[in-house]
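See structure below.
Only the coordinates and a few stated rules stand behind these numbers; no lab work does. Because the structure is a prediction, the values reported are computed rather than measured. Every residue, glycine among them, receives a Cβ derived from its backbone with ideal geometry; neighbour counts consider all protein chains shown.
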Amino acid sequence: MSSSLSVYLLDVTATRALVGSRDGELLAVIRDSFADQLAHADSEFADSIQSGAPTAFEALTAVVDGGPFSDDKNHAFQYGYAYQRVCDLTGSFLDNSCFTPHRGSWLSDVDEGLTALGVTAVSVADFDYGMLPEPLPWTDTPSCGEWTHEQCVRALEQFEATKRAVDASGQAPPLEPEIVEAVMQCLGWLRHAAARPGFGVIGFRF
């Protein structure tokens with residue numbers, strides 16, 4: 001079974017602050033902008049909704065209002081998808097072609113490539129093992145992780161330091177071409193974030 005990433009450039013602090021903001025205007029915009037998507041999601045998860053899970057818009061309302069949330073852990077996925085829609089509306093979608101689809105240990109393999117290039121401030125596996133903002137309940141799918149602006153800036157500094165060392169020595173770390181391509185895509189995300197004060201990356205694994 002394969003997985004995929006959805007990765008967004010946005011102001012991480014401002015986006016987290018939307019959870020529990022009780023912003024009715026935001027809810028109305030999401031409802032109108034994602035009407036077809038919300039209807040499709042309700043159709044796809046009709047059995048879960050019939051068993052008591054919130055509809056897509058009910059989950060969105062709970063996310064923006066800060067609750068209430070279902071006590072059934074099997075329904076928590078709806079709040080993860082709702083938060084992803086908030087990010088989809090407020091952020092800019094970043095190219096994730098190296099990560100969609102992916103299988104097995106791919107995220108960890110890319111992290112090893114980043115580490116080989118001296119980049120340890122961020123990890124793509126964070127998108128697999130991260131947490132939704134509080135007070136949203138934990139869910140395995142979609143999982144969510146974030147890179148803060150400070151982490152992105154530090155990661156680029158680490159890469160540039162390694163690049164200078166490689167240029168001086170002529171010795172580049174031996175990496176598979178597909179790993180190099182994925183690492184370069186991550187560096188593109190980092191550059192976008194570092195260029196905008198306060199902006200970082202939020203990613204979802206589905």
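Which residue fluctuates the most in the chain, going by a Gaussian network model with Cα springs under 10 Å, if the choices are 20, 170, 113? Between 20, 170, 113, it is 170 that shows the largest mean-square fluctuation. Computed from backbone phi, the HN-Hα couplings of the stretch 117-128 come to 9, x, 8, 10, 6, 10, 8, 5, 5, 4, 6, 8 Hz, rounded to whole numbers (Karplus: 6.51 cos²θ - 1.76 cosθ + 1.60, θ = phi - 60°; Gly and Pro given as x).
When 102, 192 are arranged by Cβ crowding within 10 Å, least crowded first, meaning fewest neighbours, the order is 192, 102.
Which of 116, 76, 165 ends up with the largest GNM mean-square fluctuation for the chain, with Cα atoms connected below 10 Å? Maximum fluctuation in the GNM of the chain, among the listed residues, is at 165. What shape does the stretch 1-55 have by the C-alpha gyration tensor, where a ≥ b ≥ c are the square roots of the eigenvalues, rounded means a/c under 1.5, and otherwise prolate means a/b greater than b/c and oblate the rest? It is oblate, given that a/c is not under 1.5 and a/b is not larger than b/c.
Please state the shape class of the stretch 100-206: rounded when a/c is under 1.5, otherwise prolate if a/b exceeds b/c and oblate if not, all from the C-alpha gyration tensor. Verdict is oblate for the stretch 100-206. Going by neighbour counts of Cβ atoms within 10 Å, the residues 92, 169 line up, fewest first, as 169, 92. Shape class for the chain, computed from the alpha carbon gyration tensor (a ≥ b ≥ c): prolate, with a/c not under 1.5 and a/b above b/c.
Output the antiparallel fraction of DSSP beta bridges having both residues in the chain, as a percent to the nearest 5.
Counting DSSP beta bridges with both partners in the chain, the antiparallel share is about 100 percent.
Please report the spacing between the Cα centers of the stretch 38-69 and the stretch 1-33 in Å, no decimals. For the stretch 38-69 versus the stretch 1-33, the Cα centre distance is 15 Å. Dividing the mean sequence gap of close Cα pairs (under 8 Å, 6+ apart) by how many residues the stretch 5-205 holds gives a relative contact order of 32 percent.
Using the count of nearby Cβ atoms within 10 Å as a rough guide to exposure, how do 7, 64 rank from fewest to most?
The order, fewest Cβ neighbours first, is 64, 7.
Cα axis of helix 106-116 to longest principal axis of the chain: angle in degrees, 0 to 90, nearest 10? Compared with the principal axis, the helix lies near 40 degrees. Annotation for the stretch 107-166 versus the stretch 77-106: alpha-carbon center distance of 15 Å.
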